[in-house]
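Before any comments, here is the structure.
The values are calculated or read from the model by the stated rules, or taken from the named source; none is laboratory data. Being a predicted model, the structure only gives us computed values, none of them experimental. We place every Cβ from the backbone using ideal geometry, glycine too, and count neighbours over all the protein chains shown. Just the protein is used for accessible areas: all its heavy atoms, side chains included, with ligands, DNA and RNA removed. Shrake-Rupley method; radii C 1.70, N 1.55, O 1.52, S 1.80 Å.
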Amino acid sequence: MKNTEEILQALKENFPDFSFELKSDLPVEGFIICNPLVIDKISHFLHDNPELNFDSLINLSGVDEIKANQLSVYYHLESTELKHKLVLKVVTDRNSPEVASVTDIWKGANWHEREAYDMFGIKFLNHPDLRRILMPYDWEAGHPLRKDYENPEFYQGMKVPF
Amino acid sequence: MINTKSSAIRTEEMVLNMGPQHPSTHGVLRLELALEGEIITKVTPHIGYLHRCFEKHCEAMTYPQIVPYTDRMDYLASMGNELGYAVAMEKLLGIEVPQRVEYIRVIMAELQRIASHLVALGTYGADIGAFTPFLYCFRDREKILHLFEITCGARLLYNYIWVGGLSHDLHPDFVRKTRDFIKEFKPTIKELNDILSYNKIFIDRTANVGILPVKTAINFGVSGPNLRASGIKWDIRKDDPYSVYSKFDFDIPVGKGTHGTVGDSWDRYFVRILEMEESLKIIEQALDQLPDGDVQSAIPKRIKPNAGHVYGRVENPRGELGYFIISDGSTTPYRVKVRAPSFVTLQILGELCKGYMIADVITILGSIDIVLGEIDR
Amino acid sequence: MMYDFFVDLFGNTVIAGIASGILMSLLPLFLFILPYALFAVLAERKVSAHMQDRLGPMRIGWHGWNQTIADIIKLIQKEDIVASDTDKPLFNFAPVLVFAGSYAAFAAIPFSSYYIGSEVDLGIFYIIAVTGLVVAGILMAGWASNNKYSLLGSMRSVAQIVSYEIPTMLVVLSLVMVSETMSLHTLSEMQTGYFWNWYIFGGPGFSLTKFLLIPSMLIGFIIIYISTLAEVNRVPFDIPEAESELVAGYHTEYSGMKFAMFFLAEYANMYAVSAIVAALFFGGYQSPVGYLGNLLGVEWLIPIEQFLWFAAKGLFFVFVQMWLRWTLPRLRVDQLMAVSWKYLIPIAFVNLIVIGFITLI
Amino acid sequence: MGLLDKEFTDGNIVIAKAEDLMNWARLSSLWQVSFGLACCAIEMMATSASHYDFDRFGVIPRPSPRHADIIIISGTVTLKMATRIKRLYEQMPEPKYIISMGSCSNSGGPYWEHGYHVLKGIDRVIPVDVYVPGCPPRPEALLEGLIKLQEKIRKTSLVKKST
């Protein structure tokens, strides 16, 4: 059982080159902000280190932070053995969002990442099968959960608005 | 003389498209099966046929308005969805709810768990070809729906558990009727076991089919009965208790591989039956301890949380249901992401089905018990 | 005897042949199969409903008795869809062949000692051979539909029927060995008198052989019942049309009356195999307790009684088939094959040898 | 082509009686495509199950659209699904009927405003005979919808309507 500060310490020791930032001023949970392009290496460490042993990715959610002109991804990790939890956040540019994929560490991330791609257009590098998942494959109007998304008038001849 | 080259029969993989309209895809799921004869070489699920834009609605609605939409995600376990949302929101707002509310919530969630498992078990029987247990399960489920109906007036989608309270107090007859139901229901579990669980053909069809090892399950993020069937005692009600679950005495049934290997389809099926018995235990205890009080006293007049984010989770019948809510300080959430158990669980289908036959795809798909409303949201 | 009557009437063997032929072939159809099939479909729904705490059809006629009539009239009205990519001649011919196969089997079934559609000496083998047409029809339907589900269903069906013919034949063979006849009529005649003369109880006469035969006959009965169940694609062997796997199997693409023909053929087949089981082991049309006609001295009552007994025995086995359908889950393809090749065939074979030895004594 | 495509220019007693028989047969044996979409599908299943028993009215679920007469659109129709439903409808043989069950398939239901992926009413894709309101409709409501459909079928005629 480790808390977020201890995990941050372990991360800083192991990856002296990478930048980490702990945010714990907002309710309810604190989280660590890391670099989007090395999140796979960090995840490998978190997964394989026997003292941390984060064997399960419970949730992965994309967020559109339009005011800061950035997209972010939250990772909720949990260790079923040691029973501790961790929230990671990566921030990427809104115009060319690129995040390293964690699919080969936690296979369950596959569809979560596809969903984030579908909804926000975040490109996950090295993802085995990055396609739309919920929206039709031929949906051309963009990524619907972005705050500036506008719905098309017609899709395949069907009127979309009420 | 036979020319071996030209006489060789050209073979190719057959791609069978199962769904979106298929009797046993449990909704509008489409599976693309690559077959060699009847043996599966690859399964590709295609989802999104029921994508109802839940998360977009959350960003446009105020916090209390979201509750009815949560109902419509996992429509077999609406009470569980509402409870999950309420737990997450109360964590974000930092409010305490009266004990009576918590007890009623637990009773409702457990009744809903039984109802949901009944549908899962019944449709599983129908998938395997035994149609009669399906109707027996629906008959018993109807009794639970009656209990919900006298409480809040709805049969399926309740809008009952609100942030900070409940929409109605219990009906005066509720406690008596629930006790009656428990008394009636116990023998029907045995009936279901006799007609389906211990049937030789049923065991042959499900045992040793679709074995899910614990390591793979955790790596994929599988939770709930599917994970427990693989032999690990992981239940959020015990491991990360919410509401008043820590006050009750109940077991966590796990798969034991009685008729095959641990984590096969039969285990996943039988864990659900055992869970129904445990739920009955919890309901009985909760009815005995049910305190008095006002169920609406803690409902906030205006929900306007501070900026921040929360991940609240509950043990739904299908596994861990989590709400990740980001608030920007206004009356509507900035972002809500739902960690839907079926969404995560369905990913393992391709892993489980490889090398089995078409009939086994149905067996495995039925045993992991998905609800499309929750997968697509 | 019908033929002789017409020869006397017309004085011409050709006309007499045609007339008796038409009468002989139409009679069982109109007098038995159609009403039976209508009744059986309704019975299936009623039986299943009552087993499932429901009522079944209630609104159409008294307790839904007109339900299947409405179904048939509706199916006649339906559009007959032939998809553009189907193999049209085969697609149209398949339901006819399936229905003809199961209908032809009725020709040799002895409904009473006075009425058999066609009294062939090789009756039992004729029935088993002619029901083979059903296989061809199903394969045709599956292939011509140009639908993957249909194709899978028909391939399953053919594999299944071919494998299960073997245990059926072995059991029939052992019966033939004991009774030394292949005519169903003679076979039924031999089991006359009371129910202890039935072959399930070792056959007519009282001797050591009879009592030695009883266990073998019981085994034989169980084997033939299971394998006939498989031959008519009923649960637990309904994999060709397995609803939850293959949508509707080989008749997925058929609509309207063609579908109805598959439907009727299925129920006709159910009765045909039940009739074979009844004729082989349960005394055919013979009454288990003697005839009222004999008691009252009214000769003409006997054939009617015999017919009723035969229908009752057949319907009982049809009812058991329905009962099983609504109780058991369905087997998988490989398990289904294993049941036949690993269990039924060896057991039937050993049973055949044992019966051979017993009859030699 | 179905029998109903032929219309007679004037009615007489034979046609009237034949018409009654045919209408009776069609309304008494409405086989449904076993096809569920969303929440309403659960209520549809409950209607077929022991407590409400659709079979009383002669409604049985058929897995193949080729065997069916009626399709119950039970739940939210999304844009991705709408094209498939249209295809499913086209595969059914005439005469065919549609019950739109629940608010979602009637008009988009609770998803009418922000549902960027929800079709706002199935009648934008295929013609509907009976609308059953409710979210979800109770089984009794669905039964009522079925009886309304039966009344509609009872009134159909083989005689061409004079204008």
Among residues of region B:13-26 being assigned to a loop (DSSP other than H, G, I, E, B) and more than 13 Å from chain A (Cβ to nearest Cβ), the residue nearest to the chain's Cα centre (by Cα) is B:26
Quick check, is residue C:95 touching an Asp or Glu at 6+ places or on another chain (Cβ under 7 Å), at pLDDT 85 or above and not acidic (Asp, Glu)?
-> no
Within region B:223-249, tally of residues that are within 18 Å of residue B:286 (Cβ to Cβ) and of a type in the set (Asp, Glu) = 2
Can you name every residue in region C:194-235 that is open to solvent by less than 30 Å² (accessible area, probe 1.4 Å), more than 22 Å from residue C:127 (Cα to Cα) and in contact (Cβ under 8 Å) with a residue 60 or more places away in the chain?
-> C:197, C:213, C:216, C:235
Index of the failed condition, residue A:146 passing every other in (1) over 16 Å from residue A:59 (Cα atoms); (2) open to solvent by 60 Å² or more (accessible area, probe 1.4 Å); (3) within 17 Å of the chain's Cα centre (by Cα) | (2)
Test result for residue C:324, assigned to a helix (DSSP H, G or I), surrounded by fewer than 21 Cβ atoms within 10 Å (Cβ to Cβ), free of Cβ contacts under 8 Å to residues at least 40 places away in the same chain and not basic (Lys, Arg) | no
Where residue D:154 falls short, out of the listed (1) among the charged types (D, E, K, R); (2) under 25 Å from residue A:159 (Cβ atoms); (3) surrounded by fewer than 21 Cβ atoms within 10 Å (Cβ to Cβ) | (2)
Might you let me know whether region C:249-259 holds any residue that is at positive phi, open to solvent by less than 10 Å² (accessible area, probe 1.4 Å), within 14 Å of chain B (Cβ to nearest Cβ) and within 21 Å of the chain's Cα centre (by Cα)?
-> yes
Taking residue D:76 as the residue in question, decide whether it is open to solvent by 10 Å² or more (accessible area, probe 1.4 Å), among the polar types (S, T, N, Q) and in a loop (DSSP other than H, G, I, E, B).
-> no
Count, please, the residues in region C:327-338 that happen to be part of a helix (DSSP H, G or I), more than 21 Å from the chain's Cα centre (by Cα) and not polar (S, T, N, Q).
-> 4
Check region A:105-122 and report whether any residue there is in a strand (DSSP E or B) and within 13 Å of chain B (Cβ to nearest Cβ).
-> no
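Is it true that some residue in region C:78-92 is among the charged types (D, E, K, R), facing chain D (nearest Cβ under 8 Å), more than 26 Å from residue C:169 (Cα to Cα) and open to solvent by 50 Å² or more (accessible area, probe 1.4 Å)?
Yes; the residues of region C:78-92 include at least one that is among the charged types (D, E, K, R), facing chain D (nearest Cβ under 8 Å), more than 26 Å from residue C:169 (Cα to Cα) and open to solvent by 50 Å² or more (accessible area, probe 1.4 Å).
Go through region B:303-332 residue by residue and tally those that are among the acidic types (Asp, Glu) and more than 25 Å from the chain's Cα centre (by Cα).
Result for region B:303-332: 1.
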Residues within region B:186-208 that are small (Gly, Ala, Ser) and assigned to a helix (DSSP H, G or I), tallied = 1
A careful count of residues in region D:26-44 that are more than 7 Å from chain B (Cβ to nearest Cβ) and of a type outside the set (A, V, I, L, M, F, W, C) gives 4
Scanning region A:27-66 residue by residue, those charged (D, E, K, R), out of contact with any Asp or Glu (no Cβ under 9 Å at 6 or more places or on another chain) and within 11 Å of chain B (Cβ to nearest Cβ) turn out to be A:29, A:65
Meets criteria (within 8 Å of another protein chain (Cβ to nearest Cβ) and open to solvent by 10 Å² or more (accessible area, probe 1.4 Å)) for residue B:131 | yes
Extreme residue, nearest to the other protein chains (Cβ to nearest Cβ), among residues of region A:123-141 that are open to solvent by 20 Å² or more (accessible area, probe 1.4 Å) and touching a Phe, Trp or Tyr at 6+ places or on another chain (Cβ under 7 Å) = A:132
Checking residue C:132 against (1) closer than 26 Å to residue C:263 by Cβ; (2) modelled with pLDDT of 80 or more; (3) surrounded by fewer than 23 Cβ atoms within 10 Å (Cβ to Cβ), the condition it does not meet | (2)
Test residue C:343 against the stated conditions and say whether it is surrounded by 13 or more Cβ atoms within 10 Å (Cβ to Cβ) and outside any helix (DSSP H, G or I).
-> no
Extreme residue, nearest to the other protein chains (Cβ to nearest Cβ), among residues of region B:27-62 that are in a loop (DSSP other than H, G, I, E, B) and open to solvent by 40 Å² or more (accessible area, probe 1.4 Å) = B:37
Please find, among C:282, C:263, C:319, the residue that is touching a Phe, Trp or Tyr at 6+ places or on another chain (Cβ under 6 Å), open to solvent by 30 Å² or more (accessible area, probe 1.4 Å) and of a type outside the set (Ser, Thr, Tyr).
-> C:282
When every residue in region D:79-117 that is touching a residue at least 60 places away in the same chain (Cβ under 8 Å) and open to solvent by 20 Å² or more (accessible area, probe 1.4 Å) is compared, the one farthest from residue A:158 (Cα to Cα) is D:94
Of (1) closer than 24 Å to residue C:48 by Cβ; (2) modelled with pLDDT of 85 or more, residue B:174 satisfies every one except (1)
All but one of (1) among the β-branched types (Val, Ile, Thr); (2) facing chain D (nearest Cβ under 9 Å); (3) touching a Phe, Trp or Tyr at 6+ places or on another chain (Cβ under 7 Å) hold for residue C:73; which doesn't?
-> (3)
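Looking for something crowded, with 24+ Cβ neighbours inside 10 Å, under 30 Å from residue B:199 (Cα atoms) and not aromatic (Phe, Trp, Tyr) - is there at least one such residue anywhere in region B:77-92?
Yes, region B:77-92 has at least one match.
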Per the filter on region C:79-100, residues of a type in the set (Gly, Ala, Ser) and outside any helix (DSSP H, G or I) are C:83, C:84
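Rundown of residues vs (1) free of Cβ contacts under 8 Å to residues at least 60 places away in the same chain; (2) part of a helix (DSSP H, G or I), yes/no style:
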{"site": "B:119", "(1), (2)": "yes, yes"}
{"site": "B:172", "(1), (2)": "yes, no"}
{"site": "B:184", "(1), (2)": "yes, yes"}
{"site": "B:210", "(1), (2)": "no, no"}
Within region D:45-63, restricting to residues that are in contact with a Ser or Thr (Cβ under 7 Å, 6 or more places away or on another chain) and within 9 Å of chain B (Cβ to nearest Cβ), the one that is nearest to residue D:103 (Cα to Cα) is D:61
